[in-house]
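S.K.: If you scroll down you'll find the structure; I have some questions about it.
The values are calculated or read from the model by the stated rules, or taken from the named source; none is laboratory data. The model shown is predicted, which means the values in this text are computed figures rather than measured ones. Here the Cβ positions follow ideal geometry from the backbone for every residue, glycine too, while neighbour counts run over all protein chains shown.
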Amino acid sequence: MPHPVEAWHEKLWQRFVALAQGPHALVWLALFALFDPIFFPIPPEVYLAALMLAHPKRWKEYLVICISFSALGAAIGYFVGAFLFHQFGLPLLHFYHLEAAFRDGRHMLMGHVLIGMVLVAFSLIPEKVVVLAAGFLGAFFPAFIIGFFIGRALRLALIAYLMHRFGTKMLDVVKKYFFWFTVLLLLILAYYGIVHFHLMHL
């Protein structure tokens, strides 16, 4: 009998597969990519993988859409950090318990903004906290968005190439990554619920 979390993960994956085969597949890809740098907890690579399995010959089109809308989302996240940090940015950090990652992101951006944004795409620091930090710190926007674009493009291109090259073999890696990310997210949400609703004295 599968573990409840694993069963939920598989159900969610099947939902992504159904969306990828539906008439609004590109709209969903654009939305996942747009909201990922702001607040969405599931990386767009998961849905991108489902799309590429459904329509492998269109991988270049999917890649362009995913990169473009990710960059647009990063621009929105930057301005949230710059002008609405205390209203929206700070609650998001508290919700996901990413305050330490936010401090790491600020430290990374205090050096070279463009290089920092490229490197964070391949680091363990969630990009969304660095995006908020860039806006909060008033990082030079052209350098920020170019660095984000390059880093995100390289990361997504790598995933797209591996999916195009290895197909279902690469899918096992993506799904495993997705599973552990889901477990971590559920733990964060459970901890938040316990503390927020005072179910335990921590």
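So that you can scan it fast, the table gives a plain yes or no per residue for (1) touching a residue at least 60 places away in the same chain (Cβ under 8 Å); (2) under 27 Å from G138 (Cβ atoms); (3) of a type in the set (S, T, N, Q); (4) assigned to a helix (DSSP H, G or I):
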{"residue": "A49", "(1), (2), (3), (4)": "yes, no, no, yes"}
{"residue": "W59", "(1), (2), (3), (4)": "yes, no, no, yes"}
{"residue": "Y62", "(1), (2), (3), (4)": "yes, no, no, yes"}
{"residue": "I65", "(1), (2), (3), (4)": "no, no, no, yes"}
{"residue": "S70", "(1), (2), (3), (4)": "yes, yes, yes, yes"}
{"residue": "G73", "(1), (2), (3), (4)": "no, yes, no, yes"}
{"residue": "G77", "(1), (2), (3), (4)": "no, yes, no, yes"}
{"residue": "H86", "(1), (2), (3), (4)": "no, yes, no, yes"}
{"residue": "L90", "(1), (2), (3), (4)": "no, yes, no, yes"}
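S.K.: Filter the range 50-72 for residues that are modelled with pLDDT under 85 and buried (at least 22 other Cβ atoms within 10 Å of the Cβ); which is nearest to P126 (Cα to Cα)?
M.R.: A50
S.K.: Still on this structure: Could you tell me whether V120 is surrounded by 19 or more Cβ atoms within 10 Å (Cβ to Cβ), within 22 Å of Y47 (Cβ to Cβ) and at pLDDT 75 or above?
M.R.: yes
S.K.: Residues being of a type in the set (F, W, Y), at pLDDT below 75 and closer than 12 Å to A133 by Cα: count how many of those fall in the range 79-97.
M.R.: Matching residues across the range 79-97 total 1.
S.K.: Looking at A143, A101, A139, can you tell me which residue is over 12 Å from F39 (Cα atoms), surrounded by 15 or more Cβ atoms within 10 Å (Cβ to Cβ) and at pLDDT below 75?
M.R.: Of the residues listed, the single one that is over 12 Å from F39 (Cα atoms), surrounded by 15 or more Cβ atoms within 10 Å (Cβ to Cβ) and at pLDDT below 75 is A101.
S.K.: Quick check on the range 34-49: of everything there that is farther than 19 Å from L162 by Cα and buried (at least 16 other Cβ atoms within 10 Å of the Cβ), which residue is modelled with the lowest pLDDT?
M.R.: P41
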